[in-house]
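What follows is a short report on a single structure.
The values are calculated or read from the model by the stated rules, or taken from the named source; none is laboratory data. Bear in mind that the values here come from a model prediction, so they are computed numbers and not experimental data. FYI the Cβ positions are ideal-geometry reconstructions off the backbone, even for glycines, and counts take in every protein chain you see. To get the accessible areas, we keep the full protein, side chains included, count just its heavy atoms, and leave off ligands, DNA and RNA. Shrake-Rupley method; radii C 1.70, N 1.55, O 1.52, S 1.80 Å.
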Amino acid sequence: ITLRSFEEKFSLINNTEILNYIFETKIHTKNISDYFKLERKLNILDYERRIKFFCRRKNLNKKKFFFRKINKSLYLRLNSKIDLGNYSDLILNKKLFYFGKKLVLDQLIFDLVDQKVSKERFSEIFEILQHWKIKKNPVNGNDIKKLGVSDGLKIGKLLKIIEIWWIRKNFKPLKKDCINHIKNYLPRC
């Protein structure tokens, strides 16, 4: 599926409807040649992403044979749909934090092929993704407990508040900054 010969003969392969048969659904082929060219140009061939491209406009039925036979992580990747909105840094950071680089890159590529993002913004984001490292919230439940909060629901609420604030601040606040920010919410909990 990632071979150059597959790309070159894709229209012939598609005419046989073999891929529709394999995936038990009508596959998506609009802009497929642009998609193939983009992957080659960026040297990011990925058979899972190609399958996702073919099936991306569908809700995949786990009961169909092909999707029953794949592992859970691939099924989740194929079924994930991320809205990157207007491609602001805030939305991008949020999606990267919650969904990870692989799923964001999938959507970014699809959106470029579908002309939902400019080539310039695509290049900027692609560069960011090349250097992206998984971020870890600097505050945990024990830090909240040290502030005198013992109720589990309140701890969870405060962790969510600080996580949202930390993401909006581009992951820059340190642990002490996060704890100081949490203190603003302690009387309200």
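Data overview
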| quantity | calculated |
| --- | --- |
| Count of residues meeting criterion [open to solvent by less than 10 Å² (accessible area, probe 1.4 Å) and at pLDDT below 90] in segment 36-63 | 1 |
| Residue ID - nearest to residue 1 (Cα to Cα), chosen from residues in segment 84-98 that are in a loop (DSSP other than H, G, I, E, B) and among the hydroxyl-bearing types (Ser, Thr, Tyr) | 87 |
| Any hit, segment 70-83, residues being among the aliphatic types (A, V, I, L, M), part of a helix (DSSP H, G or I), touching a helix residue (DSSP H, G or I) at 6+ places or on another chain (Cβ under 7 Å) and within 20 Å of residue 166 (Cβ to Cβ) | no |
| Test: residue in segment 20-31 that is open to solvent by less than 30 Å² (accessible area, probe 1.4 Å), in contact with a Ser or Thr (Cβ under 8 Å, 6 or more places away or on another chain) and at pLDDT 85 or above | no |
| From 10, 6, residue being without any contact (Cβ under 8 Å) to a residue 40 or more places away in the chain, surrounded by 13 or more Cβ atoms within 10 Å (Cβ to Cβ), under 22 Å from residue 115 (Cβ atoms) and of a type in the set (A, V, I, L, M, F, W, C) | 10 |
| Tally, over segment 52-69, of residues that are farther than 23 Å from residue 108 by Cα, assigned to a loop (DSSP other than H, G, I, E, B) and in contact (Cβ under 8 Å) with a residue 24 or more places away in the chain | 2 |
| Counted residues, segment 124-144 - those being more than 19 Å from residue 172 (Cα to Cα), of a type outside the set (A, V, I, L, M) and surrounded by 12 or more Cβ atoms within 10 Å (Cβ to Cβ) | 3 |
| Qualifying positions in segment 99-114 - under 8 Å from the mean Cα position of the chain (by Cα) and in a helix (DSSP H, G or I) | 99, 101, 102, 103, 104, 105, 106, 107 |
